[in-house]
């Protein structure tokens, strides 16, 4: 992955073969789309239903149960089939519950993947047009503003009071300022690359023009996704414990059966009778209901987590959280709602509360949208969003206030004045 932050702006444009004002041509964009592929993260194709069902059969406890069912049929000569049927029903129900839960989790994850900006404002052939984010290519000139989701890694060319929320990538819960500066040192940490915008982050304030430097799996978030795919799924503590129990149980059953079989032969019992007795003992010693009970308990745990907004892809994974003793984190925003909230307001003598909230809502660049349930969603700087939400809770609609008292002039926030001013 090229160190785009460590190159001069003109060098970046030249290497990407694009123009600051004209952008790429549609023909060139089409060629690059074929070369670099769609601007999407790779994900493993879901396995077929048969393979997923057979994967459930690899569990050691399930294998023991299947062996018990077969031995039960052999021991009874096929006459006592009820035990075998019960065991098989337990195995099938266990697999169905697990697959059903995985399907629900996959649908939720797919919905999250689709929560990306469907269109981006791009300069092509010298004109501004809207393009599906999946068709962005390196060299495209993007225009972004407050509330936009950054669709790809990009180098900032022009910026006006630009701020981005990079908490999903760096853990920094406070928006960071971005600018069209020159080359930075090659070893600059990801969170300090103020001339770069990262895919899957959000513009919280200002606007900018930038050039796409990486798409799809060539972005920083794509690199993380690739590492996760290479890592694969590990075993949870419960799975390891169940495997140990299965092995121990199988070993003990075989030892006891062997001893019983040997003692019977020493006592002069019939070979076939002792074999049937040993098999019956093995079947009786295996807890057929254990996998079903474990599956039901895990499914109930998953449902409780779903009610709290957590998505669990695999049933055994829900138990891993219960085994966590210490969670280490350098930022609190990634563990909480990552949302600022106005808790109280102090004014001189306790008066003028409404006036304070009105000022907080008007001197504010947050964008408010309303849901059918009457709730609001905010896009913009977290501090301004908190002020707008506080005004909303007190019955002051920011949009209505701006309509009745339109903004006539403004002085943007700067580090010297340490405030923003608007005239209405």
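Select from segment 16-30 the residues that are in contact with a strand residue (DSSP E or B) (Cβ under 7 Å, 6 or more places away or on another chain) and part of a helix (DSSP H, G or I) and write down the one among them that is nearest to residue 154 (Cα to Cα).
Result: 16.
Could you list all residues from segment 370-424 that are part of a loop (DSSP other than H, G, I, E, B), in contact with a strand residue (DSSP E or B) (Cβ under 6 Å, 6 or more places away or on another chain) and closer than 19 Å to residue 176 by Cα?
380, 381
For residue 269, work out the one condition from (1) assigned to a loop (DSSP other than H, G, I, E, B); (2) surrounded by fewer than 20 Cβ atoms within 10 Å (Cβ to Cβ); (3) outside the structural domain of residue 280 (by TED's automatic domain parsing) it doesn't fulfil.
Result: residue 269 fails condition (3) only.
Give me the residue from segment 331-383 that is touching a helix residue (DSSP H, G or I) at 6+ places or on another chain (Cβ under 8 Å) and farther than 28 Å from residue 409 by Cβ and, out of that set, modelled with the highest pLDDT.
Here the answer is 341.
Residue under question is residue 145, and the condition is that it be modelled with pLDDT of 90 or more, closer than 23 Å to residue 120 by Cα and assigned by TED's automatic domain parsing to the domain that holds residue 218; does it hold?
No; evaluated as a whole, the condition is false for this residue.
With the condition kept exactly as written, say whether any residue in segment 70-83 is assigned to a loop (DSSP other than H, G, I, E, B), buried (at least 19 other Cβ atoms within 10 Å of the Cβ) and at pLDDT below 75. Break it down into steps so the answer makes sense when it comes.
Going residue by residue through segment 70-83, those that are assigned to a loop (DSSP other than H, G, I, E, B) are 77-81.
Then keep just the ones that are buried (at least 19 other Cβ atoms within 10 Å of the Cβ); that gives none.
No - not one qualifying residue is present in segment 70-83.
From the list 260, 196, which residue is over 30 Å from residue 14 (Cα atoms) and either buried (at least 18 other Cβ atoms within 10 Å of the Cβ) or at pLDDT 80 or above (or both)?
Just one listed residue meets the conditions, 260.
Can we say residue 178 is crowded, with 23+ Cβ neighbours inside 10 Å and in contact with a strand residue (DSSP E or B) (Cβ under 7 Å, 6 or more places away or on another chain)?
Considered against the rule, which asks whether it is crowded, with 23+ Cβ neighbours inside 10 Å and in contact with a strand residue (DSSP E or B) (Cβ under 7 Å, 6 or more places away or on another chain), residue 178 comes out as yes.
The values are calculated or read from the model by the stated rules, or taken from the named source; none is laboratory data. It should be emphasised that the depicted structure is a prediction, and the values quoted were computed from it without experimental measurement. Backbone-built Cβ (ideal geometry, glycine too); neighbour counts: all protein chains shown.
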